[in-house]
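Asker: Starting off with a structure, shown below.
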Amino acid sequence: MCIRSLWGRPRTRSASKPDPCAIPRVCAIPQQRQARCHMETKPVSPAGASTESLENVTRSVARDGTSYVVTLERTFPNSPEAVWTSCTTPEGLSRWFEPVDGELAEGGRYRLTASGTSGTIEHCQPHTELRVTWEYDGDVSRVRLTLDPAGPGTRLTLHHTVPDNEHWAQYGPAATGIGWDGALLALALALGDSGTDVQVALSAFNDTAEGKRFIESAADRWCTAHLSAGADPDDAHDSAARTASFYLGDE
């Protein structure tokens with residue numbers, strides 16, 4: 001059983017435009033006062049960590065039947081136990097992500113209280129793997145999180161399986177991927193310094209020039225991943241540009 005555990009983030013939907021909750025900007029995380037967790041690395045800030053975060057993430061896109069799998073992988077210098085605590089416990093998640101409630105055990109239902117995203121905890125192996133359904137506004141997708149030891153640190157791999165629908169045709173993998181890029185930046189801040197107020201730091205970062213460059217660079221990287229998966233070049237570039245424009249408030 002996985003008591004008081006959960007993971008989650010951006011949603012996808014079939015609407016003609018992304019929902020601002022479905023693909024939140026980098027700092028679109030509820031401003032809550034957070035419980036402190038024991039962390040193992042030196043203090044960091046968005047200004048110093050955003051480029052590093054983008055460069056340290058491996059991105060891929062793969063077809064899976066009638067769905068697409070959007071995958072991000074990043075290695076953190078922290079132990080699997082520390083990463084798991086930040087990614088799955090209410091105390092850890094509320095510090096950098098969203099508050100969560102529900103029956104937080106394998107087979108139970110969870111709810112992210114700020115966005116209203118909910119789902120079923122399908123599988124939970126502590127410090128190793130979590131699989132949940134990701135349900136928002138009538139749409140259902142799936143998220144799988146795995147943690148693997150990587151030297152003294154931990155390799156985190158996140159797979160988000162989303163439907164091939166109108167939303168995908170318009171916005172491609174960046175709609176899901178940029179939100180997760182922002183989440184991994186927030187997680188890096190939380191893991192890097194137990195004293196950092198991640199919500200406040202990202203709120204200040206979001207509208208800076210560097211915050212905008214983060215969105216643009218993430219969109220470019222997801223365009224590259226889309227092309228590597230065999231997407232039509234025009235479709236890949238256009239969908240990434242539309243997603244970046246939405247995140248930047250240009251749509």
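The values are calculated or read from the model by the stated rules, or taken from the named source; none is laboratory data. If you're wondering where the values come from, they're calculated on a predicted model, not measured in any experiment. Cβ placement follows ideal geometry from the backbone for every residue including glycine, while neighbour counts extend to all protein chains displayed.
Asker: Does segment 161-178 hold any residues that are among the small types (Gly, Ala, Ser), buried (at least 24 other Cβ atoms within 10 Å of the Cβ) and either out of contact with any strand residue (DSSP E or B) (no Cβ under 9 Å at 6 or more places or on another chain) or more than 21 Å from SER86 (Cα to Cα) (or both), and which are they?
Answerer: GLY172, ALA174, ALA175
Asker: A further question follows. Which residue pairs have Cβ atoms closer than 8 Å, lie 6 or more positions apart in sequence or on different chains, and pair a first residue in segment 48-61 that is in contact (Cβ under 8 Å) with a residue 24 or more places away in the chain and closer than 13 Å to SER217 by Cβ with a second residue that is basic (Lys, Arg) and surrounded by 14 or more Cβ atoms within 10 Å (Cβ to Cβ)?
Answerer: Every condition considered, the pairs that remain are SER53/ARG74; LEU54/ARG221; VAL57/ARG74; VAL57/ARG221; ARG59/ARG221.
Asker: Report, by residue number, each residue of segment 133-160 that is part of a strand (DSSP E or B), touching a residue at least 60 places away in the same chain (Cβ under 8 Å), more than 24 Å from ALA82 (Cα to Cα) and not aromatic (Phe, Trp, Tyr).
Answerer: ASP139, SER141
Asker: Scan segment 169-210 for residues that are at pLDDT below 95 and either in a loop (DSSP other than H, G, I, E, B) or of a type in the set (S, T, N, Q) (or both) and report the count.
Answerer: 10
Asker: Still on this structure, I have one more. Testing CYS124 on (1) under 18 Å from the mean Cα position of the chain (by Cα); (2) buried (at least 19 other Cβ atoms within 10 Å of the Cβ); (3) not in a loop (DSSP other than H, G, I, E, B); (4) not aliphatic (A, V, I, L, M), one condition comes back false. Which one is that?
Answerer: Exception for CYS124: condition (1).
Asker: Something else now. Any idea which residue in segment 62-87 is farthest from ASP207 (Cα to Cα), counting only those that are touching a strand residue (DSSP E or B) at 6+ places or on another chain (Cβ under 6 Å) and of a type in the set (Val, Ile, Thr)?
Answerer: Among those that are touching a strand residue (DSSP E or B) at 6+ places or on another chain (Cβ under 6 Å) and of a type in the set (Val, Ile, Thr), it is VAL69.
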